[in-house]
Ligand code: UDP
């Protein structure tokens, strides 16, 4: 059985859907601080609790036959991490350590970790490969970077095999529309643009129009949420087959500007979307684009939804028919 921490969150729930459809036995641990229990298939058990709770972890590892952990649970608001770093280090780093220690104590040695391109900080070159220097520029990125370092030492000392997946910008939703993105508060570009298209917001703010990019707005690499899910499944497959620990970027290897995202959302919604040009948002690198060659070559990862319009169409289908 696979323990999925944070399995009721945006990325975790799409992995649960993907793995459940492929016959994996799953157990979700989520404190539902941001997750939605409605996002889980009815026959996937959910334990509501904190991953930092040692006695809860001991009872989970004693009660269930867990042989791997896929670890999504984390706080993920970059801006908040700057003003409330304690919350981020306590949860994303220290509570993750509790999960790793429980795994070690109960002899579970396979761990798939949600890492992030935020561990790189400002790019010194793009596309960024896994060898790019890691100099996170906010506590969120740091909290994940520390876990990567811990994993390296736990592998060396305790034989903990891990795959760290450094995501670029997760986007889209289940194409069938059963689950999708639902953050409160919402800070991500695509849902905010689409909520503006639906009239739920007056306008979308474009954070910075004076970047050194072709249209002056920031460029990001948007990756479909189910393609992320696929990579987690492949990572686990590899580790089950005896592969050593590894680190992979996950992105589409294509960059789109904020203005291009707004245009694609206008096309999906078939209406124009009001926007306001605002100051830059602190901590935003101008351009983040992945090289995902390593995941493609070594993991055998084959992204299915590489077209931004399709990613945005799935997000739009969800946004206009949300279930939670
Ligand atoms: N962005 C924007 N307006 C918004 C939200 C985001 O212009 O209301 C920009 C943001 O500055 C960044 C890009 O959209 O360049 C993607 O931001 P998001 O928060 O979705 O993801 P991040 O790149 O921070 O992980």
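General remarks:
- Failed item, numbered, when residue 4 is tested on (1) under 22 Å from residue 149 (Cα atoms); (2) touching a helix residue (DSSP H, G or I) at 6+ places or on another chain (Cβ under 7 Å); (3) part of a helix (DSSP H, G or I): (3)
- Residues that are within 15 Å of the ligand (Cβ to nearest atom), part of a loop (DSSP other than H, G, I, E, B) and surrounded by fewer than 15 Cβ atoms within 10 Å (Cβ to Cβ), drawn from region 256-279: 274, 279
- Against the numbered list (1) surrounded by 15 or more Cβ atoms within 10 Å (Cβ to Cβ); (2) on the phi < 0 side of the Ramachandran plot; (3) modelled with pLDDT of 95 or more, residue 214 comes up short only at (1).
- Flag: residue 219 does not match the condition of being over 17 Å from residue 113 (Cα atoms), surrounded by fewer than 23 Cβ atoms within 10 Å (Cβ to Cβ) and modelled with pLDDT under 95.
- Residue within region 65-81 that is buried (at least 16 other Cβ atoms within 10 Å of the Cβ), farther than 24 Å from residue 117 by Cα and free of Cβ contacts under 8 Å to residues at least 40 places away in the same chain present: no
- Candidates 251, 283: the one that is within 15 Å of the ligand (Cβ to nearest atom) and crowded, with 21+ Cβ neighbours inside 10 Å is 251.
Residues are listed down the side, and each one gets a yes or a no for (1) surrounded by fewer than 18 Cβ atoms within 10 Å (Cβ to Cβ); (2) free of Cβ contacts under 8 Å to residues at least 24 places away in the same chain; (3) more than 9 Å from the ligand (Cβ to nearest atom):
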| residue | (1), (2), (3) |
| --- | --- |
| 190 | no, no, no |
| 197 | no, no, yes |
| 200 | yes, yes, yes |
| 203 | yes, no, yes |
| 228 | no, no, yes |
| 237 | yes, yes, yes |
| 245 | no, no, yes |
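- Residue in region 58-65 that is assigned to a loop (DSSP other than H, G, I, E, B), under 21 Å from residue 185 (Cα atoms) and modelled with pLDDT of 95 or more present: no
The values are calculated or read from the model by the stated rules, or taken from the named source; none is laboratory data. Values in this document were obtained by computation on a predicted structure and should not be read as measured data. Every residue, glycine as well, gets a Cβ built from its backbone with ideal geometry; the counts of neighbours run over all protein chains shown.
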